[in-house]
Structure formats: structure tokens, C-alpha cells
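These notes concern the structure reproduced below.
The values are calculated or read from the model by the stated rules, or taken from the named source; none is laboratory data. Predicted model, so just to flag it, every value in this text is computed and none were measured. A quick note on method: Cβ atoms are made from the backbone with ideal geometry, for glycine too, and the neighbour counts reach across all protein chains shown. For the accessible areas, the whole protein counts, side chains as well, though only heavy atoms, and no ligand, DNA or RNA atoms are used. Shrake-Rupley method; radii C 1.70, N 1.55, O 1.52, S 1.80 Å.
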Amino acid sequence: SAYTYFYHDRDLTVQIAAAAAAVAHDGLIPRLWTDWEDASAQLASPAVIVSQIKGILIALTVALPGIGLGLYTRKSWWVTHTGDTHQFADYSLWDARWNNVPEVRDVDYGGWTRPYMVQIGGLEVDGVEFDLNVYDDGEET
């Protein structure tokens, strides 16, 4: 998988082009995670933010046929900045929980019920920072 962070106060067309170029489909990258937690979102209404997310996902779908798209976000950001829209519930969710609990739990925002994976924290090894994630293996917890 690949990951890209979107800034709501910068040129979205440039960001979309950069993301598409970085993940040019070669059959090796099955999913592009789009990060939705930028602080600049406070400058826009939930309707504007939802419109931006929708436009970006449509543009990436066209630019990157065959690559699945997923959303990385956290409940507090999503509810505040999108009005808890459920429009994107068909996309996989990577839930930024940062609670150091190594399990995937159900969620109650954005129309999602269970995330594909959860970011539970971070770790530094020899000066290199790593994010720690837990994937949903499809088993009941």
C-alpha cells in the first residue's frame, strides 16, 4: 500500500497529480491511503471539506484505475470537520486511534462499523520513527 497526506489549504490539483505520479500503477500497489486529518480543515466548513474529499477520491479513481482507495482519519477529526458524513463508508478505513491497544475494534463514525486497520502508536528504533498498526484479520474479537 501507499499513503498520501492532503492539505486542505493548498492546491488540490497539484496534490492529486503528485499522489498519482508517486503510485503509478505497476501492479504492485493494491491500495492508496488518503490521509484526512489536516489542521487547515478548520478554515473551511464541513460541506467544503466533504466536497474536497469527494473530488480528490474521484480524481484518484480516474488517475489510478485498478488501485483501491482507503481513508486514514480519526474520529474526532472526522466528526468535527466533515459533520460525521457517511458518504465515504464504502471506502476502507484506517483508523488513527493511537491508544497502544493492539486490536481492531468496531468504530461508530463516518458510517463505518469496522476499520480495515488501526494505527495504535509509534516506535523509534535507532533514530528512525515507525508507526504501529494492527490489521483486521477477519476474525471475531
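Extending 7 Å from the Cα toward the beta-carbon at both Ile58 and Val125 defines two label points whose distance is 4.3 nm. Here the range 1-138 exposes an accessible surface that is 54 percent carbon and sulfur, computed with a 1.4 Å probe and the other protein chains kept in place.
FRET efficiency for the Gln42 to His86 pair, using the beta carbon distance and R₀ = 25 Å, is estimated at 0.70.
Approximating the spin labels as points 7 Å out from Cα along Cα→Cβ, the Asp136-to-Ala18 distance works out to 3.0 nm.
Residues Leu60, Leu43, ordered by accessible area of protein heavy atoms at a 1.4 angstrom probe radius and largest first, appear as Leu43, Leu60.
Between Val118, Val104, Val79, the residue with the greatest mean-square fluctuation in the GNM of the chain (Cα pairs under 10 Å linked by springs) is Val79. Each of (1) 30, 17, 16; (2) 23, 19, 16; (3) 35, 16, 15 is a candidate for semi-axes √(5λ) of the Cα gyration tensor in Å; the one calculated from this structure is (2).
Summarising the amide proton neighbourhood of Tyr5: residues at separation of 5 or more, or on other chains, whose placed amide H is nearer than 5 Å comprise Asp35. Measuring with a 1.4 angstrom probe and ignoring ligands and nucleic acids, Arg31 comes out at about 50 Å² accessible. May I ask you to work out the translational diffusion coefficient for the range 1-61 at 20 °C, viscosity 1.002 mPa s, via Stokes-Einstein with Rh from the Kirkwood sum over Cα pairs, reported in whole µm²/s? Value of D from the Cα-based Kirkwood radius: 176 µm²/s. Taking only protein heavy atoms into account and a 1.4 Å probe, give the accessible area per residue of the chain in Å². Accessible area per residue: 55 Å².
So how much slack lies between Leu28 and Asp106, counting 0.36 nm per residue of separation and subtracting their Cα-Cα distance, in nm?
That pair, Leu28 and Asp106, stretches by 25.2 nm at full extension.
Of interest is the spacing of the C-alpha centroids, which for the range 1-61 and the range 101-117 amounts to 21 Å.
Distances between placed amide hydrogens fall under 5 Å for Asn133 paired with Ile120, all partners being 5 or more residues away or on another chain.
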